[in-house]
Amino acid sequence: MEIGMKDLTKIFVSKDKSEVRAVDNVNVTIPSGKLIGLLGPSGCGKSTTLYLISGLLKQTKGKIFFDEEEVSSMPPEKRGIGLVFQNYALYPHMTVRENIMFPLKNLKFDPDKATKMMHDMATLVGLETMLDRKPKELSGGQQQRVAIARALVKNPRVLLLDEPLSNLDARLRLKTREEIKRIQRETKITTIFVTHDQEEAMSISDEILVMRQGIIQQKGEPQEVYDNPNNLFVAKFLGNPQINVFDGKVKKGKIYVEGMEVEKTDLPDQNLTVGIRPEGFIVDKSNKSPLNFEVDLVETIGRDTTLIIDIPGQEESLLDKKSFKAIVDSQHGIKAGHKVHFKVREGKMHLFDKDGSVIEQ
Ligand SMILES: Nc1ncnc2c1ncn2[C@@H]1O[C@H](COP(=O)(O)OP(=O)(O)O)[C@@H](O)[C@H]1O
Ligand SMILES: [Mg+2]
């Protein structure tokens, strides 16, 4: 089922009458059967968006659609939502079996049918051998799988996951996110996965929505958004190590990066910000490229070498020193102190105006 949001807005008013636009005029369609990562820094409005979709919060303005049906005023229990939160919120005194069955209790299901549904869900999440355990006898990842089974057992139209992996350690987080991906593929349930972790969102999602201060910044397939960010915020939020940011300008048909001429352009004269991802650089073996720096630090990990380079002329003090990273092929054998000429890969130089919006070339 497709989820549509039209001018969706939630304004919180605090006691001192100050307003927070937690969700600000969101217009977006979540495609049916896909796993969508809703990504953004803490406080940007991700949870509020999920609460509006589930009906636990009422929007200040705007509409929500499930396919063609408007659900903006429908009570939460009628919307057919499965919700999973960061803290598993299982019933501690109940077994896995009872926890998964719980949502079916009020629905007056035939007991045999309910048991079968519980079994199917436990099998789907790989917990069929642990039905008699209590939550405290399970690992964090297993508890979160019980929570997912419990959310799915009523056969909801939408699955909403709010930072479901945040409480897990690094190894379990990886494993559980692969589990979630598999479960979503098998059930084909429309899923929104909320996270502040760009790597997590990029790896699990069919599409990502990047949010900032209640506003959707960009929507698209992870690689597409990574390669073509709409603005500097998105460019910086995606990618580790972060995109390098340089002072640039256009003068008389040429683009300069930190005062070095890099390429020709048709753009008018202006100051701009140039973003180049670490892997966007290549070593110019002919040593002709004007983009020339002395390497300060080198970290080699197998095939890749990360070069850390202080940008000259910037160092007011040691702390203010501006540097950038380039990831190049280890075969170049570059060492600290070497002077390296760089080229920028085709299409890997991102130009942003003074407001941070991308400048199309
Ligand atoms: N019940 C509330 N009352 C007032 N402000 C709230 C309430 N819930 C959330 N907010 C504010 O709305 C913004 C978005 O919050 P939230 O949706 O929880 O962000 P996220 O989930 O992305 O961290 C934040 O500034 C938060 O402080
Ligand atoms: Mg949140």
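Would you be able to say whether some residue in segment 104-116 is of a type in the set (Val, Ile, Thr) and buried (at least 18 other Cβ atoms within 10 Å of the Cβ)? Explain how you work it out, then say what you get.
Going through segment 104-116, the residues of a type in the set (Val, Ile, Thr) turn out to be 115.
Retained after the next criterion (residues that are buried (at least 18 other Cβ atoms within 10 Å of the Cβ)): none.
Scanning segment 104-116, I find no residue that is of a type in the set (Val, Ile, Thr) and buried (at least 18 other Cβ atoms within 10 Å of the Cβ), so the answer is no.
Looking only at strands (runs of 3 or more DSSP E) that fall completely inside segment 217-281, which ones have 3 or more residues that are of a type in the set (D, E, K, R)? First the steps, then the outcome.
Numbers: elements: 244-251, 254-257, 260-264, 270-276.
Fully inside segment 217-281 and qualifying: 244-251, 260-264.
Which residues, taken from segment 36-56, are more than 8 Å from ligand 1 (Cβ to nearest atom) and farther than 13 Å from Ile192 by Cβ?
Gly55, Leu56 - these are the residues of segment 36-56 that are more than 8 Å from ligand 1 (Cβ to nearest atom) and farther than 13 Å from Ile192 by Cβ.
In segment 231-250, how many are under 15 Å from the mean Cα position of the chain (by Cα) and under 30 Å from Phe12 (Cα atoms)?
6
Look through Thr187, Thr191, Thr265 and report the one residue that is over 19 Å from Ser323 (Cα atoms), more than 16 Å from ligand 2 (Cβ to nearest atom) and not assigned by TED's automatic domain parsing to the domain that holds Lys154. So that I can check it myself, show each step before the final result.
Numbers: Thr187 fails: not assigned by TED's automatic domain parsing to the domain that holds Lys154; Thr191 fails: not assigned by TED's automatic domain parsing to the domain that holds Lys154.
Exactly one of Thr187, Thr191, Thr265 is over 19 Å from Ser323 (Cα atoms), more than 16 Å from ligand 2 (Cβ to nearest atom) and not assigned by TED's automatic domain parsing to the domain that holds Lys154, namely Thr265.
Looking at segment 121-139 only, could you name the residues that are in a helix (DSSP H, G or I) and either open to solvent by less than 20 Å² (accessible area, probe 1.4 Å) or within 16 Å of ligand 2 (Cβ to nearest atom) (or both)?
Step one: filter segment 121-139 for residues in a helix (DSSP H, G or I), giving 121-124, 135-137.
Residues satisfying the conditions are Ala122, Pro135.
Right, Ile208: open to solvent by 40 Å² or more (accessible area, probe 1.4 Å), touching a Leu at 6+ places or on another chain (Cβ under 8 Å) and under 27 Å from Gly82 (Cβ atoms) or not?
For Ile208, the condition - open to solvent by 40 Å² or more (accessible area, probe 1.4 Å), touching a Leu at 6+ places or on another chain (Cβ under 8 Å) and under 27 Å from Gly82 (Cβ atoms) - is not met.
Looking at segment 256-273 only, could you name the residues that are in contact (Cβ under 8 Å) with a residue 12 or more places away in the chain, over 16 Å from Asn292 (Cβ atoms) and either open to solvent by less than 30 Å² (accessible area, probe 1.4 Å) or touching a strand residue (DSSP E or B) at 6+ places or on another chain (Cβ under 8 Å) (or both)?
Thr265, Leu267, Pro268, Asp269, Gln270, Asn271, Leu272, Thr273
I want to confirm something. Restricting to segment 1-30 and keeping residues that are of a type in the set (Gly, Ala, Ser) and at pLDDT 95 or above, which single residue is farthest from ligand 2 (Cβ to nearest atom)? If you could, list the steps in order and put the result at the bottom.
The first filter runs over segment 1-30 and keeps only residues of a type in the set (Gly, Ala, Ser), leaving 4, 14, 18, 22.
With at pLDDT 95 or above added as a condition, the list becomes 4, 22.
Values: Gly4: 22, Ala22: 10 Å.
Restricting to residues being of a type in the set (Gly, Ala, Ser) and at pLDDT 95 or above, the top hit is Gly4.
Quick one: count up the residues across segment 1-47 that are open to solvent by 20 Å² or more (accessible area, probe 1.4 Å) and either on the phi > 0 side of the Ramachandran plot or of a type outside the set (Gly, Ala, Ser) (or both). Lay out the reasoning, then the answer.
Pass one, segment 1-47, residues open to solvent by 20 Å² or more (accessible area, probe 1.4 Å): 1-2, 6-7, 10-21, 24-25, 27, 29, 31-34, 41-43, 47.
Then drop every residue that is not either on the phi > 0 side of the Ramachandran plot or of a type outside the set (Gly, Ala, Ser) (or both), which leaves 1-2, 6-7, 10-13, 15-17, 19-21, 24-25, 27, 29, 31, 33-34, 41, 43.
Going through segment 1-47 one residue at a time, the tally reaches 23.
Of all residues in segment 31-46, which are of a type in the set (Lys, Arg) and within 16 Å of ligand 2 (Cβ to nearest atom)? I'd like the intermediate steps shown before the answer.
Going through segment 31-46, the residues of a type in the set (Lys, Arg) turn out to be 34, 46.
Selection gives Lys46 alone.
So for segment 163-177 (the condition being open to solvent by 50 Å² or more (accessible area, probe 1.4 Å), farther than 26 Å from Arg133 by Cβ and among the acidic types (Asp, Glu)), does at least one residue qualify?
Here is the first cut: in segment 163-177, the residues open to solvent by 50 Å² or more (accessible area, probe 1.4 Å) are 167, 169-171, 173-175.
Then keep just the ones that are farther than 26 Å from Arg133 by Cβ; that gives none.
The answer is no, given that none of the residues of segment 163-177 is open to solvent by 50 Å² or more (accessible area, probe 1.4 Å), farther than 26 Å from Arg133 by Cβ and among the acidic types (Asp, Glu).
The values are calculated or read from the model by the stated rules, or taken from the named source; none is laboratory data. Owing to the predicted nature of the structure, the values given are computational and were not obtained by experimental measurement. Using ideal geometry, Cβ is built from the backbone for each residue, glycine included, and neighbour counts are taken over all protein chains shown. These accessible areas exclude ligands, DNA and RNA; they are computed on the full protein's heavy atoms, side chains included. Shrake-Rupley method; radii C 1.70, N 1.55, O 1.52, S 1.80 Å.
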